[in-house]
Every structure is written in structure tokens, then in C-alpha cells.
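Undergrad: Dropping a structure here in C-alpha cells format, bear with me for questions.
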Amino acid sequence: MRAMEVWGSGEENIKEVEQPDPQPGPGEVQVRIVAATLNYRDLAIPEGGGPYPVKMPYVPLSCGCGVVTALGEGVTRVHVGDRVAPTFFQPATTNGQDAADFAKALGGPINGVARELACFPHGGVVKIPDDLSDLEAATLPCAGLTAWNALFGARATKPGDVVVLLGTGGVSIAGLQLAKAAGASAIITSSSDAKLARARALGADHTINYRALPAWGGRAHTLAGGSGADVVLEVGGTGTLAQSLAALRPGGDVASIGLLAGGIVSQLDEATAKLHRIRVGTRDQFEDMLRALVRNRVRPVVDKVYPLKELGKAMAALRAGTMVGKVGIQIA
């Protein structure tokens, strides 16, 4: 089978290789990967920015979708021909609340989905409904589920709430779509008026160009009815925290995405805001999210798509940050 391996930092160190076809052992399923998407961790890990050491070379990418092609002994949860997505953490019961959990994350340290075939524990895959395309489903294991957990796992986002989203990357665009499906209002920031226009087309109620207005938190507070927003999906860490807090109502929620929480927890108290560390989510949350997406006819956003052999170009596009939503990889 074809696979892509990372041998070091920089797009020039991504190589196409041939590997033996993996065979499922007891309790495992073999999946032919059809599509994948990139996350910012795919840029950070080769540069030593991940929470857990990764031995190179490794197969990158955490998020994919494919078709079950073979079953190991004892597998009953899924069948040959089922469309599935692997969970970010393997096994799926891991919830990411401890940094050590990331030793069980796909795309580093565990070999990821930038390959034609992969085997997973049968409990580490989720069936994908026909309503979603392969590329749309491939946005969900990390970015989609992180946004879901931030809005509905750590808190109960409800109609009338005001959600603030930073930037137009995968988590923020998924958060925008999910917030609107829940009946909440959404305020989104970007340095690009063109991206903000696309965010409005996706349902954003208000947009703020933070390059034109660096102190955007006060503007967001005003746009949230004058009393402040209910929750901010904080993807910038200490660099954006001051403005995120200015946007919030007293005692509002900061959903700190990934490993950024450690740098900001000391700056918060319960009167200022409630901090929720969001590190993806569980298989049960993934399945809840899928039902909500289908019921509300939400179609995840994939902006740019590259073939597997051009993974390096896809990484460069992600690094450039010109997309709205996700950068995708077509494999099959």
C-alpha cells in the first residue's frame, strides 16, 4: 500500500513510501482510507510541538474516513462495507484529560491515516451516516468533535446563547455550524475580510476583523447584547485571552482548546470566567455529534483538497492559513 511518512520538520521531509498491507488481528478491523483532513497538530508535531515524543518516521494525520475491508476474530460492532471514521484516541475510551493520553493519539505517536490501509481496534471506529461525504466525515474526529465537546460536553449551549469563535480554522468553523444548529448566535473573528464574508455565508451573526480592531473583545461584548458572550472557543491561548475575557459576560465560559489551557489557567478565577480544558472527546460524544449533524443537516466545510501524494503541498496550504474550514486529502 501507499503511505506518507514524516521524517522531520518541513514539508520537504514528507515522503511517499510503500508499506506492507496491514492485516487485522483479533478484535481489529481493516479500513481502506478514502479521505483525510489536516489539523494544526500535523504541523506542530514534526517541530517538537506535541505533548508526547514522536519517533520518526511516522505516518501523520489524525482524521480520516474509509470503508471496512476485513474483520479480525471476534468483531461484531461493524461489518465489511461499513463506512467508518477512526476515533482520535485509540482506544476510544481515552478522553484526553491527561497529557499522557496523547500517547494514544493517531497521527503521532500512533501511526495515522495518511495511507491506503490501516487497522484499528473495533471499538476505535465510528460508523458514518450516508448523509455525510467521506471528506466531510474526515473533518470530525478531531476538529469537529473538539467543537462539539466545547459547546455541548463541557457546557450546555442553548438557544439564545452567544458564542465567540476565533479565526476560521477547522474547530472554529465547526463551532460556528454547531452553535447555529443549536439556536445560538455566533460572533467570529479573522484578519481577512474575505474569510469573514464566507463565515457570514455560513451563518455567522457578527464578524470582527481583529487586524483592523486589535481590541476586538469590547466590540464582541457589545455585539453580544451589551452583556457579554456566554462562551468563547479559545484557540489562541495567552495571545488572545485578554480579548476573549473582554468579550465574555462575568462568569462566562472559556473553552480552552487542546493543550493551551495550561498557560491561561492561572489568569482566571470563577468570577472572571469558568475554564474548560477541551481535548477532543470520546466515542460516545462522537456518535452524539453525528446524530446532531444529520438531524440539523449540517455539512462540514472542506476548503482545499489535495491527493495523497501532495500531502506536503497540503501542509504548506495549512501553514499559510488561507482556508476557511479544513484542508482535505483524497486518498482512494
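Computed from the coordinates by the stated procedures, all read-outs in this text should not be read as laboratory data. Quick caveat: nothing in here was measured; it's all calculated off a predicted structure. Here the Cβ is made from the backbone with ideal geometry for all residues, glycine too, and neighbour counts use every protein chain on show.
Undergrad: What's the angle, to the nearest 10 degrees (0 to 90), between helix 283-295's Cα axis and the longest principal axis of the chain?
TA: It works out to around 70 degrees.
Undergrad: Could you work out how far helix 311-320 tilts from the main Cα principal axis of the chain, as a 0 to 90 degree angle to the nearest 10?
TA: 10
Undergrad: Taking the DSSP beta bridges in the chain as the whole, what percent of them are antiparallel, to the nearest 5?
TA: Details: 29 of 58 bridges.
Of all bridge pairs located within the chain, approximately 50 percent are antiparallel.
Undergrad: For the pair E287/A103, report the inter-label distance in nm, with labels modelled 7 Å from Cα in the Cβ direction.
TA: 2.8
Undergrad: Give the angle, between 0 and 90 degrees and rounded to the nearest 10, that separates the Cα long axis of helix 170-181 from the longest principal axis of the Cα atoms of the chain.
TA: 70
Undergrad: If the chain between A242 and V80 were fully stretched, how many nm would it gain, using 0.36 nm times the residue separation less the Cα-Cα distance?
TA: Numbers: separation 162, 0.36 × 162 = 58.32 nm, distance 5.04 nm.
Going from the current span to full extension adds 53.3 nm.
Undergrad: Also, quick follow-up: Name the residue from V80, G49, L245 whose Cα lies farthest towards the positive end of the charge dipole of the chain, charges +1 on Cβ of Lys and Arg and -1 on Cβ of Asp and Glu.
TA: L245
Undergrad: Can I ask one more? Cross-link list K55/K127; K104/K127; K195/K274; K127/K309; K15/K127; K274/K326: which exceed 22 angstrom alpha carbon to alpha carbon? Before the final figure, lay out each step's value.
TA: On the way: K55/K127 30 Å; K104/K127 20 Å; K195/K274 30 Å; K127/K309 27 Å; K15/K127 30 Å; K274/K326 29 Å.
Distance filter (> 22 Å) returns K55/K127; K195/K274; K127/K309; K15/K127; K274/K326.
Undergrad: Quick one: net charge around R219, please, counting Lys, Arg +1 and Asp, Glu -1 for every other residue with C-beta under 14 Å from its C-beta. Let's see the in-between values first.
TA: Working: positive: R211; negative: D205.
Once all neighbours under 14 Å are counted, the net charge is 0.
Undergrad: Hey, another quick one. Run the reach check for K304 against aspartates and glutamates, Cα to Cα strictly under 18 Å, same-chain hits fewer than 8 apart removed. What comes back?
TA: Cross-link targets: E11, D42, D134, E136.
Undergrad: Please report, in debye to the nearest 20, how large the charge dipole of the chain is about its Cα centre when each Lys and Arg carries +1 at its beta carbon and each Asp and Glu carries -1 there.
TA: Values: 32 positive and 31 negative charges, 136 e Å.
My answer is approximately 660 debye.
Undergrad: Post the alpha-carbon centroid distance, segment 305-332 to segment 1-30, in whole angstrom.
TA: What the calculation gives is 17 Å, centre to centre.
Undergrad: Going by how many other Cβ atoms sit within 10 Å of their own, how do Y52, Y306 line up, fewest first?
TA: Exposure proxy ranking, most exposed first: Y52, Y306.
Undergrad: Roughly speaking, what is the centre-to-centre gap between segment 173-237 and segment 40-74 when only Cα atoms are used, to the nearest Å?
TA: 31
Undergrad: Report the gain in length on full extension from A194 to K55: 0.36 nm times residue separation, minus Cα-Cα distance, nm rounded to one decimal. Intermediate values should be presented prior to the final figure.
TA: Values: separation 139, 0.36 × 139 = 50.04 nm, distance 3.94 nm.
Taking 0.36 nm per residue and subtracting the Cα distance, the gain is 46.1 nm.
Undergrad: Taking the Cβ of A182 as the centre, find all other residues whose Cβ is under 15 Å away and add up their charges (Lys, Arg: +1; Asp, Glu: -1). Walk me through the numbers before you get to the answer.
TA: Values: positive: R155, K158, K180, R291, R295, R297; negative: D161, D205, D230, D253, D288.
Local net charge: +1.
Undergrad: Show me the ranking of peptides 24-37, 188-201 by mean Cβ neighbours inside 10 Å, starting with the highest. Present the calculation step by step, with values, prior to reporting the outcome.
TA: Details: 24-37: 22.4, 188-201: 18.6.
Descending packing order for the listed peptides: 24-37, 188-201.
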